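Please read the structure below before turning to the comments.
The values are calculated or read from the model by the stated rules, or taken from the named source; none is laboratory data. From a predicted model like this one, the values you see are computed outputs, not experimental measurements. Glycine also receives a Cβ, built like all others from the backbone with ideal geometry; neighbour counts cover every protein chain displayed.
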Amino acid sequence: MSTPTTIGIVGARGHVGAELIRLLARHPSFELGFVSSRELAGQRVSDHVGEFRGELRYADIGHEALADRGVGAYVLALPNGKAAACVAGIDNGNADAVVVDLSADYRFDESWYYGLPELTRDRYRGERRISNPGCYASAMQFAITPMLELVDGPVQCFGVSGYSGAGTMPSDKNDPAKLRDNLIPYALTGHLHEREVTRQLEHDVEFMPHVAPHFRGLTITANLHLRDAVTLQQARQRYVDRYKGEPLLRVADEAPWVSAIAGRHGVEVGGFTLSEDGRRLVVVATLDNLLKGAATQALQNLNLAFGYDEFEGIPL
């Protein structure tokens, strides 16, 4: 058997870090080299993530010491604005390692590969620096891409996410008491994911996010105005053709439910509804923000970077 590739996770205290540990624990070709968390330093990983077996403990590792760990890849699961110092530390002593950044810090950097594999894998040229897309941004792109060449004017996207998307730092957006029987709108213009999708699709997108009382899973309702009239069958067929052979993409007639996608690794796109004149299409996309919106996508990118099957280690 070949020697497993070692992976280090920086910022593993959060929800996404835990999901990534679970995925790596079952992967036949990867193993955890270290798991960094200041708050959990010294505690056993297995005490927090039951699926992990072994005596590995969380460690408090400064960004300047990351290169000393000598792993094959680093996954940065940090809040926005924290990645640059880590990347500098890695560049200083382990520059050949793969870095997958889950924050938004490098999504607008053309020297980094934007890793939304179902839509961008053909652009991958062996880059060692990979920016993981945002969860909302992934869902929006899956909802829009098959119709993009027919779209006329900005696409409006109404989004609702579970409060795990707000991270573990206490705020109104992840406070179950304040969210109970509630829906909180925020950043209704100029949201980071709005700019991210607009850049990737080279088409204006208007995004209105909300956070809901459920823990995980998000839904996007995309409103697309079209240059020419289409039939419902023609519209739906574009999605079927575009996502044919993609094991993590399911096209359905009915509008997908968040409760059905939570805890799953894929994406559901459906609910196709057409206006009477055939020039306005509404599409719904759902995914689990912690999995396909973050950890699962990171594992796809790691698999691609090391030449493994893209879906190795991902339950299909």
In segment 1-47, what count of residues is obtained for those that are touching a strand residue (DSSP E or B) at 6+ places or on another chain (Cβ under 8 Å), touching a residue at least 60 places away in the same chain (Cβ under 8 Å) and not in a loop (DSSP other than H, G, I, E, B)?
10
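Output the residue which, of all residues in segment 65-118 that are outside any loop (DSSP other than H, G, I, E, B) and among the hydroxyl-bearing types (Ser, Thr, Tyr), is surrounded by the most Cβ atoms within 10 Å (Cβ to Cβ). Please lay out each step first, then the result.
Initially, segment 65-118 is screened for residues outside any loop (DSSP other than H, G, I, E, B), giving 65-69, 73-76, 83-93, 98-101, 113-114, 117-118.
Adding the requirement that they be among the hydroxyl-bearing types (Ser, Thr, Tyr) leaves 74, 113-114.
Values: 74: 26, 113: 23, 114: 23.
The selected residue is 74.
Any idea how many residues of segment 76-98 are among the hydrophobic types (A, V, I, L, M, F, W, C) and closer than 23 Å to residue 166 by Cα? Break it down stepwise before answering.
Residues of segment 76-98 among the hydrophobic types (A, V, I, L, M, F, W, C): 76-78, 83-88, 90, 95, 97-98.
Now drop any that are not closer than 23 Å to residue 166 by Cα, which leaves 76-78, 83-86.
Result for segment 76-98: 7.
Could you check segment 196-223 and list, in sequence order, the residues that are of a type in the set (A, V, I, L, M, F, W, C) and touching a Ser or Thr at 6+ places or on another chain (Cβ under 8 Å)? Lay out the reasoning, then the answer.
Our first condition is that a residue be of a type in the set (A, V, I, L, M, F, W, C); within segment 196-223, this holds for 197, 201, 205, 207-208, 211-212, 215, 218, 220, 222.
Of everything in segment 196-223, those that are of a type in the set (A, V, I, L, M, F, W, C) and touching a Ser or Thr at 6+ places or on another chain (Cβ under 8 Å) turn out to be 201, 205, 211, 212, 215, 218, 220.
Quick one: which of 212, 222, 177 is farther than 24 Å from residue 256 by Cβ and in the same structural domain as residue 283 (by TED's automatic domain parsing)?
177
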Of all residues in segment 192-216, how many are under 20 Å from the mean Cα position of the chain (by Cα) and either crowded, with 19+ Cβ neighbours inside 10 Å or assigned to a loop (DSSP other than H, G, I, E, B) (or both)?
14
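Which ones in segment 217-251 are outside any helix (DSSP H, G or I) and more than 25 Å from residue 206 (Cβ to Cβ)?
Taking segment 217-251 as the starting set, the residues that turn out to be outside any helix (DSSP H, G or I) are 217-231, 243-251.
Across segment 217-251, the qualifying residues are 231, 244, 245, 246, 247, 248, 250.
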Would you please name the residue that is surrounded by the most Cβ atoms within 10 Å (Cβ to Cβ), looking only at residues in segment 219-252 that are more than 23 Å from the chain's Cα centre (by Cα) and either among the β-branched types (Val, Ile, Thr) or at pLDDT below 95 (or both)?
230
Would you mind stating whether residue 164 is in contact with a helix residue (DSSP H, G or I) (Cβ under 6 Å, 6 or more places away or on another chain) and either free of Cβ contacts under 8 Å to residues at least 40 places away in the same chain or not assigned by TED's automatic domain parsing to the domain that holds residue 38 (or both)?
yes
Restrict the check to segment 283-292 and report whether at least one residue is outside the structural domain of residue 29 (by TED's automatic domain parsing), farther than 29 Å from residue 24 by Cβ and in contact with a strand residue (DSSP E or B) (Cβ under 9 Å, 6 or more places away or on another chain).
yes
Which residue, of 145, 189, is surrounded by fewer than 18 Cβ atoms within 10 Å (Cβ to Cβ) and either in contact with a helix residue (DSSP H, G or I) (Cβ under 8 Å, 6 or more places away or on another chain) or among the polar types (S, T, N, Q) (or both)?
189
